[in-house]
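Let me begin by presenting the structure, written as structure tokens, before commenting on it.
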Amino acid sequence: MKIKFTLNKKKVTAEVESTERLIDLLRNKFQLMGTKEGCSIGECGACTILMDGKAVNSCLVLAEQIEGAEIITIEGIADGEQLHPIQENFIKAGAIQCGFCTPGMVVSSYELLNENPEPNEEEIKEAIAGNLCRCTGYKQIIDAVKISAEQLRDSK
Amino acid sequence: MIPEHKFINADNIEDVLRLLNENDNAKVIAGGTDIIPGFHIDSARFKEIELLIDINKIKDFNSIELADNHLSIGASSNFTQIINDPNVNKYFPLLVNAVSQIGSHQIRNRATIGGNFINNAPCADSVPALLIYNAVLEIKSIIETKEIPLSEFLLKQYQTALNTNEVVTRVKLPFLNENYSGKFYKLGRRRGVAISRISLAVLMKKSNGIIEDVRIAGGAVTPIGTRFTKIEDMMKGKAAKSDLFKEAAQKIGEQILELTGLRWSSIYKLPVVQQKIYQLLEEINLEMNSVNKNEN
Ligand code: FES
Ligand code: FES
């Protein structure tokens, strides 16, 4: 089946199989390898992308379901080679060790700060509760989101 | 692996009803957060599906509207929508409380209220809240539109009263006529994507210290989400006192044992459930007393 959608701000079309999930489409057809597959069943958040502005697990969406949708992956959050402030702050705060959870964490944080520029610690924890990290212990990640929130507010 | 299937993006209800009528092995899909991982792990529950009918594009299915005597929630409204809706917050706060603890933020952005009970999993967290609010479902087929209380819709684990040619279109919550107070409680394994181990919803109304109405429902403690109506009836008309709350909690424990037969987890679960029901009743009662005092 042929679908049309917007991928990282560009209009695209794709021929998709019924057996494909959104994550398969992104990684295999569009070579966007930033989106990771951990658990495949909606528990780890490594595959998080934005669908119409909302953080969604791309392992839980069928490729057929994104007709007309706006998809943004981690590759679309950076501005070309220029990292997004959230990404910069993840590096600075030591919020990345193996990095497997990072794209998903950044996407979840990005949605949070879009909708709530002044989140408290509880709200940050809630926003990333669906993103598992086996390395950092979360504290550095929460710090990175806090610093990003301040910085993004100041830059407005 | 996702099995091969036919897929249709439906853009109106009539098409959905016609397709359901023509295809015995068709299934409606909205959020997909149950079906898609189910496919992935090869779950027997979704083996027969030949056609998926996606209803995400149909506005009628995901609007939340005020009606004269009830709030009408489209069956494919997702949990984030419900959490953000001012009317659900105002009139049915326990539902907001329950669904904001489901899955993760990513899941709540996709998972729908209809999808939560349509597969009748014992751990569907919206169910106890919907049950104490006396939710009624609007169901459509090509032949008729009918309404059925959620409590009659849920038959047994993974089984409902839905026929293959039918779709649940709306969840209707009748407005409560003032002075109800309630609480929702969930115990899971950890924050985030915990499948719930125990969930409880309690609603109470009293006047002059006498219980006029009380509604108690549990999820994940019984094979399906259940209202404890016998015990509710026993409490009505009696003074809202600790002794009564203890007795009610005790009896609910006994009923859970009857419904489940003894399960390995009961030894741990049962005292927790009993204690928690007792606490919830006490807390609601105290809160109601202090509200009344403030008003005097
Ligand atoms: S791979 Fe999608 S949530 Fe884990
Ligand atoms: S940095 Fe390794 S999983 Fe998060």
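The values are calculated or read from the model by the stated rules, or taken from the named source; none is laboratory data. Just so you know, these numbers come straight off a predicted model, no measurement behind them. Heads up, the Cβs are rebuilt from the backbone with ideal geometry, glycines too, and the neighbour counts pull from every protein chain shown. Heavy atoms of the whole protein, side chains included, go into the accessibility calculation; ligands, DNA and RNA do not. Shrake-Rupley method; radii C 1.70, N 1.55, O 1.52, S 1.80 Å.
Please get the size of the charge dipole for the range A:2-75, origin at its Cα centre, with Cβ charges of +1 on Lys and Arg and -1 on Asp and Glu, quoted in debye to the nearest 20.
300
Is the C-alpha gyration tensor of chain A telling us rounded, prolate or oblate? Criteria: a/c under 1.5 is rounded; beyond that, a/b larger than b/c is prolate, otherwise oblate.
It comes out prolate by the Cα gyration axes.
Any idea what the relative contact order of chain B is, in percent, if you count C-alpha pairs under 8 Å spaced at least 6 apart?
Taking the mean separation of contacting Cα pairs over the length of chain B, I get 15 percent.
Grab every C-alpha pair in chain B, bin the distances at 10 angstrom width from 0 up to the longest one, and report whole percents.
It works out to 6, 27, 34, 22, 9, 2, 0, in whole percents.
Can you tally the net charge around B:ILE143? Count Lys and Arg as +1, Asp and Glu as -1, for every other residue whose Cβ sits under 14 Å from the Cβ of B:ILE143.
Details: positive: B:ARG18, B:LYS140, B:LYS146; negative: B:GLU14, B:GLU22, B:GLU144, B:GLU166.
Cβ neighbours under 14 Å give a net charge of -1.
Given the Cα atoms of the range A:1-51, and with Rh set as the inverse mean 1/r over their pairs in the Kirkwood sense, what is Rg to Rh to two decimals?
Working: Rg = 11.3 Å, Rh = 11.8 Å.
With Rh from the inverse mean 1/r over Cα pairs, Rg/Rh is 0.96.
How large is ³J(HN,Hα), in whole Hz, for each residue of the range B:220-236 in order, when computed from phi with the Karplus curve 6.51 cos²θ - 1.76 cosθ + 1.60 and θ = phi - 60°, using x for Gly and Pro?
6, 9, 10, x, 9, x, 9, 8, 9, 5, 4, 6, 4, 4, 4, 7, 5
If you build a Gaussian network model of chain B, linking Cα atoms that sit under 10 Å apart, which residue out of B:LYS183, B:LYS90, B:LYS251 swings the most?
Most flexible of the set in this elastic network: B:LYS90.
I'd like the orientation of helix B:242-260 relative to chain B: the angle between its Cα long axis and the longest Cα principal axis, in ° from 0 to 90, rounded to 10.
Once rounded, the angle reads 30 degrees.
Keeping all protein chains in position, work out how much accessible area B:ASP24 exposes to a 1.4 Å probe, and write it in Å² to the nearest 10.
110
Expressed in whole Å with the largest first, what are the equivalent ellipsoid semi-axes of the protein assembly as shown derived from the C-alpha gyration tensor as the square root of 5 times each eigenvalue? Write down the numbers at each step before the final one.
Details: eigenvalues 298, 159, 80 Å².
Value: 39, 28, 20 Å, ordered largest first.
Using C-alpha positions alone, give me the convex hull volume of the range B:21-141 per residue in cubic angstrom.
Once divided by residue count, the hull of the range B:21-141 is 117 Å³.
Where the Cα atoms of the range A:114-156 are projected onto their three principal axes, how long is each span, largest first, in whole Å?
The Cα atoms of the range A:114-156 stretch 34, 16, 13 Å along their principal axes.
With a ≥ b ≥ c the root eigenvalues of the C-alpha gyration tensor of the range B:1-66, is it rounded (a/c under 1.5), prolate (a/b larger than b/c) or oblate?
The shape class here is oblate.
Filter A:LYS54/B:LYS6; B:LYS186/B:LYS269; A:LYS125/A:LYS156; B:LYS230/B:LYS251; B:LYS146/B:LYS172 down to the pairs with a C-alpha to C-alpha distance above 18 Å, please.
A:LYS54/B:LYS6; A:LYS125/A:LYS156
With a 10 Å radius around each residue's Cβ, average the other Cβ atoms per peptide and rank A:59-69, B:235-245, highest first.
A:59-69, B:235-245
What do you get when you divide the Cα radius of gyration of the range A:85-154 by 2.2 N^0.38 Å, with N the number of residues?
With N residues counted in the range A:85-154, Rg over 2.2 N^0.38 Å equals 0.96.
Give a quick list of GluC sites (Glu not before Pro) in the range B:1-77 that DSSP marks as loop, anything other than H, G, I, E or B, with at most 16 other Cβ atoms within 10 Å.
Here the GluC sites (Glu not before Pro) that fit, given the DSSP loop and packing criteria, are B:GLU4, B:GLU48, B:GLU50.
Any idea what angle helix B:266-295 forms with the longest principal axis of chain B, computed on alpha-carbon atoms, 0 to 90 degrees, nearest 10?
Helix B:266-295 sits roughly 70 degrees off the main axis of chain B.
Between A:THR19 and B:ALA239, what's the calculated FRET efficiency when r is the beta-carbon distance and R0 is 56 Å? Round to 0.05.
Values: r = 62 Å, r/R0 = 1.11.
For R0 = 56 Å, the calculated efficiency reads 0.35.
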